[in-house]
1. Condition first: in a strand (DSSP E or B) and over 17 Å from Asp145 (Cα atoms). Now tell me which residues in segment 104-117 satisfy that.
2. Could we say that Leu120 is open to solvent by 40 Å² or more (accessible area, probe 1.4 Å) and in a strand (DSSP E or B) here?
3. So which of Ser37, Ser50 ends up being open to solvent by less than 90 Å² (accessible area, probe 1.4 Å), among the small types (Gly, Ala, Ser) and touching a Cys at 6+ places or on another chain (Cβ under 9 Å)?
4. Exactly one of (1) in a loop (DSSP other than H, G, I, E, B); (2) in contact (Cβ under 8 Å) with a residue 12 or more places away in the chain; (3) farther than 14 Å from Ala121 by Cα is unmet by Val33. Its number?
5. Does Leu96 qualify as being assigned to a loop (DSSP other than H, G, I, E, B) and touching a residue at least 40 places away in the same chain (Cβ under 8 Å)?
6. Select, from His70, His86, His60, the only residue that is at pLDDT below 90, surrounded by 22 or more Cβ atoms within 10 Å (Cβ to Cβ) and either under 21 Å from Arg13 (Cα atoms) or not small (Gly, Ala, Ser) (or both).
7. Read through the list (1) closer than 18 Å to Glu61 by Cα; (2) open to solvent by 70 Å² or more (accessible area, probe 1.4 Å), then give the number of the only condition that Ser94 fails.
8. What number of residues in segment 70-93 are outside any strand (DSSP E or B) and within 26 Å of Ala136 (Cα to Cα)?
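The values are calculated or read from the model by the stated rules, or taken from the named source; none is laboratory data. In this text, all values refer to a predicted model and were calculated from it rather than measured experimentally. Glycine also receives a Cβ, built like all others from the backbone with ideal geometry; neighbour counts cover every protein chain displayed. These area figures cover heavy atoms from the full protein model, side chains too; ligands, DNA and RNA do not enter into them. Shrake-Rupley method; radii C 1.70, N 1.55, O 1.52, S 1.80 Å.
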Amino acid sequence: RIYNLVKQMMVKRLISGCRWISSLDIHPSGDHVIIGSLDKRVIWFDLDLSNTPYKTLKYHERAVRGGRFHPKYPLMASASDDGTIHVFHSMVYSDLLRNPLIVPVKILRGHTQRRKFGVLAVTFHPRQPWLFSGGADGKIFLYQDI
């Protein structure tokens, strides 16, 4: 649900179709939201377009624990219990007539699963195209030159 805090009323209700939501991130433009879900999906919402998902990405084999947009570059990443991080080129255009471009770029592997948990956290560096991840194996990785 999206609320207007000044008017103290609900503005929009997003219908994700997910049972369990594990993560949420807002694009720097403010008009797009990605949701990671424990039922193996990443849901992309275009808030100007509809209250239903613009795109549902089903690339992971296990639960999605995190999804993040890069604050500066057109990149998005999702982390999963399958031990992988999927990196996407995610170009959002300022022209409202053009739909966002989402292209899979790379699958990053490095974390090992522990007790059915894989990559638990993922985030981008604020100025560089670097990706940090933390896993259930107790390791933190920095991926450069994605």
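1. As a first pass, look at segment 104-117 and keep what is in a strand (DSSP E or B): 104-109, 114, 117.
Arg114, Phe117 - these are the residues of segment 104-117 that are in a strand (DSSP E or B) and over 17 Å from Asp145 (Cα atoms).
2. The answer is yes for Leu120.
3. On the way: Ser50 fails: touching a Cys at 6+ places or on another chain (Cβ under 9 Å).
After applying the criteria, what remains is Ser37.
4. Going through (1) in a loop (DSSP other than H, G, I, E, B); (2) in contact (Cβ under 8 Å) with a residue 12 or more places away in the chain; (3) farther than 14 Å from Ala121 by Cα one by one, Val33 breaks only (1).
5. Yes: the conditions hold for Leu96.
6. His60
7. (1)
8. 5
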